[in-house]
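Asks: Right, I'll just put the structure down here and ask away after.
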Amino acid sequence: MVVDDHPMWREGVARDLTEAGHEVVAAAGEGRQAVRIAAAARPDVVVLDLQLPDVSGVEVIRGLRAALPEVRVLMLSASGEQQDVLDAVKAGATGYLVKSAAPAEFLDAVRRTAAGEPVFTPGLAGLVLGEYRRLAAGPAAPERDGAPRLTERETEVLRLVAKGMSYKQIAERLAISHRTVQNHVQNTLGKLQLHNRVELTRYAIEQGLDD
């Protein structure tokens, strides 16, 4: 599903997705309308603009997540401001891409978002990681002594997940198979009692594992 208040941009994104083999089940130009339509259309991925005429994209994320807990949201915005990115991620966005991204980068981000992988425009990922590390260093930071024990390899994979790398990139970096990366992630999710890769990434960031 594509949500953007500019008709030409909305239609262009929908066309690119269709030509790449994705099924665009709905489109909307306003936030509240998008939540209503999504509840009926039940998209797997919503490509969402941050600035909408009635409510902010962040509010739309919350509405979408309430109506469809499993939906994945890729923010596609003209804004590269750190606070906008943080607000979107905290509301439940799976990824954040600026509109200046190349078409191939956008389509790759959609595929990765559909797979549940956190995706960020290069540069923005560093801002997000840095901010979460700063917050994690504060008084409210969890006690690391009580953290579950991860193997050296699981910690290594977790660090790369926190950097926003895809499973394919992690497999190539560590010279292991894509399936092995998946197994390490699943084992880590189980140990940490987390439910998906987005939560895993947030945990890694909060624990300062993005170095």
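The values are calculated or read from the model by the stated rules, or taken from the named source; none is laboratory data. It should be emphasised that the depicted structure is a prediction, and the values quoted were computed from it without experimental measurement. Backbone-built Cβ (ideal geometry, glycine too); neighbour counts: all protein chains shown. Surface accessibility is based on the protein's heavy atoms, side chains included, excluding ligands, DNA and RNA. Shrake-Rupley method; radii C 1.70, N 1.55, O 1.52, S 1.80 Å.
Asks: Enumerate the amide H contacts of Phe120 below 5 Å, restricted to partners 5 or more residues apart or on another chain; note that Pro and chain-start residues carry no placed amide H.
Replies: Tyr96
Asks: So how do Met8, Met1, Met165 rank on accessible area, 1.4 Å probe, biggest first, that is with the largest at the start?
Replies: Met8, Met165, Met1
Asks: Amide H neighbours of Val73 under 5 Å, at least 5 residues apart or on other chains, H built in the peptide plane: list them.
Replies: For Val73, the qualifying residues are Val46, Thr94, Gly95.
Asks: Going through the range 1-94, which GluC sites (Glu not before Pro) have at most 10 other Cβ atoms within 10 Å and a DSSP loop state?
Replies: Loop-located and lightly packed - Glu23, Glu70.
Asks: Provide the per-residue ³J(HN,Hα) series for the range 175-186, in order, calculated from phi with Karplus coefficients 6.51, -1.76, 1.60 and θ = phi - 60°, each as a whole number of Hz, with x at glycine and proline positions.
Replies: Values, residue by residue: 6, 10, 7, 4, 5, 5, 4, 4, 5, 4, 5, 5 Hz.
Asks: Mind listing the phi-derived Karplus ³J(HN,Hα) values for the range 52-66, rounded to whole Hz, using 6.51, -1.76 and 1.60 with θ = phi - 60°, and x for any glycine or proline?
Replies: Each residue's phi maps through the Karplus curve to give 10, x, 9, 9, 6, x, 4, 5, 5, 4, 4, x, 5, 5, 5 Hz.
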